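First up is the structure itself, then whatever we jot down about it.
The values are calculated or read from the model by the stated rules, or taken from the named source; none is laboratory data. In this text the structure is predicted, and so the values were computed from the model without any measurement. Glycine also receives a Cβ, built like all others from the backbone with ideal geometry; neighbour counts cover every protein chain displayed.
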Amino acid sequence: MRLLIMGPQGVGKGTQAAKLAEHYHIPTISTGDMFRFNIKNRTELGLKALSYTDKGELVPDSLTNSIVEDRLGQEDAAQGWILDGYPRNASQVEALDAMLAQRGEQLDAVVALDADREVLMERMKKRAEIEGRSDDTPEAIAKRLDVYAKETAPLLDIYRERGILVDINGVGDIDEIHKAIVTALDSKIN
């Protein structure tokens, strides 16, 4: 199974991706984790990413695409995966489509988690307190939610048109949300 999990920051993508990975026995591939891994291990891709992040710049799509393509080619991803944090814009959708076409693969589904902005702001505030994350200020959270709404949320329409989007309410009990996702995926794919 090849899945995307999408939604604004704080909606529970990482939590649900981990549960889905366990359920379907496929790896979760987080672009944030990949960047951190490559930077920590000082790989060629990691050093290139660092040259941007050290200047406070976003890593260009071409480099992000290369890191994703490299990861999708690894052995543990041969039977499927869940992408978390990618694609984030229309250019990355095109790049992912090309990667999959070249491999003779296709997306099975896109899980879109959603929650009201107020709920997301409160969740992120709590996460900042628990994890001590300095980047989770109310202003920074609001900016990231705005960027998601402007750049990433419109991508959901692409996947809706393709008939592979699964809309899920991201508010409620974690296990109930997981059950709703699995039920929706199993009915869509089987």
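Checking each residue in the stretch 22-54 for being closer than 21 Å to residue 6 by Cβ and assigned to a helix (DSSP H, G or I) picks out 22, 23, 24, 31, 32, 33, 34, 35, 36.
For the stretch 35-51, which residues satisfy the criterion of being under 25 Å from residue 128 (Cα atoms), surrounded by fewer than 19 Cβ atoms within 10 Å (Cβ to Cβ) and not β-branched (Val, Ile, Thr)? Of everything in the stretch 35-51, those that are under 25 Å from residue 128 (Cα atoms), surrounded by fewer than 19 Cβ atoms within 10 Å (Cβ to Cβ) and not β-branched (Val, Ile, Thr) turn out to be 36, 37, 40, 50. Condition (residue is outside any strand (DSSP E or B), out of contact with any strand residue (DSSP E or B) (no Cβ under 7 Å at 6 or more places or on another chain) and within 18 Å of residue 84 (Cβ to Cβ)) applied to the stretch 101-109: is it met by at least one residue? No - not one qualifying residue is present in the stretch 101-109. Evaluated against (1) over 23 Å from residue 189 (Cα atoms); (2) in contact (Cβ under 8 Å) with a residue 40 or more places away in the chain; (3) not small (Gly, Ala, Ser), residue 72 falls short on exactly one condition, (1).
Checked against the criterion of being closer than 22 Å to residue 150 by Cβ and modelled with pLDDT of 90 or more, the candidates 94, 57, 69 yield just one match: 94. Taking the condition of being under 19 Å from residue 63 (Cα atoms) and among the aliphatic types (A, V, I, L, M), how many residues in the stretch 5-44 meet it? The number of residues fulfilling the criteria is 3.
Just name the residue that is surrounded by the most Cβ atoms within 10 Å (Cβ to Cβ) out of those in the stretch 69-94 that are in contact with an Asp or Glu (Cβ under 7 Å, 6 or more places away or on another chain) and assigned to a helix (DSSP H, G or I). Before the answer, list the steps.
Of the residues in the stretch 69-94, the ones in contact with an Asp or Glu (Cβ under 7 Å, 6 or more places away or on another chain) are 88-89, 91-92.
Still in the list and also assigned to a helix (DSSP H, G or I): 91-92.
Numbers: 91: 14, 92: 19.
The selected residue is 92.
When 32, 7 are checked against the criterion of being touching a residue at least 24 places away in the same chain (Cβ under 8 Å), surrounded by 19 or more Cβ atoms within 10 Å (Cβ to Cβ) and under 30 Å from residue 125 (Cα atoms), a single residue qualifies: 7. Within the stretch 96-128, if we keep just the residues that are among the hydrophobic types (A, V, I, L, M, F, W, C) and under 15 Å from the mean Cα position of the chain (by Cα), the residue that is nearest to residue 158 (Cα to Cα) turns out to be 110. Restricting attention to the stretch 10-19, and to residues there that are touching a residue at least 40 places away in the same chain (Cβ under 8 Å) and within 13 Å of the chain's Cα centre (by Cα), which single residue is surrounded by the fewest Cβ atoms within 10 Å (Cβ to Cβ)? Ranking the qualifying residues of the stretch 10-19, first place goes to 15.
Condition first: part of a helix (DSSP H, G or I), aliphatic (A, V, I, L, M) and surrounded by fewer than 13 Cβ atoms within 10 Å (Cβ to Cβ). Can you find one or more residues in the stretch 55-68 that meet it? Quick ask: steps written out before the conclusion?
Of the residues in the stretch 55-68, the ones part of a helix (DSSP H, G or I) are 61-68.
Pick out the ones that are also aliphatic (A, V, I, L, M) and you get 63, 67-68.
Subset that is surrounded by fewer than 13 Cβ atoms within 10 Å (Cβ to Cβ): none.
Within the stretch 55-68, none of the residues are part of a helix (DSSP H, G or I), aliphatic (A, V, I, L, M) and surrounded by fewer than 13 Cβ atoms within 10 Å (Cβ to Cβ).
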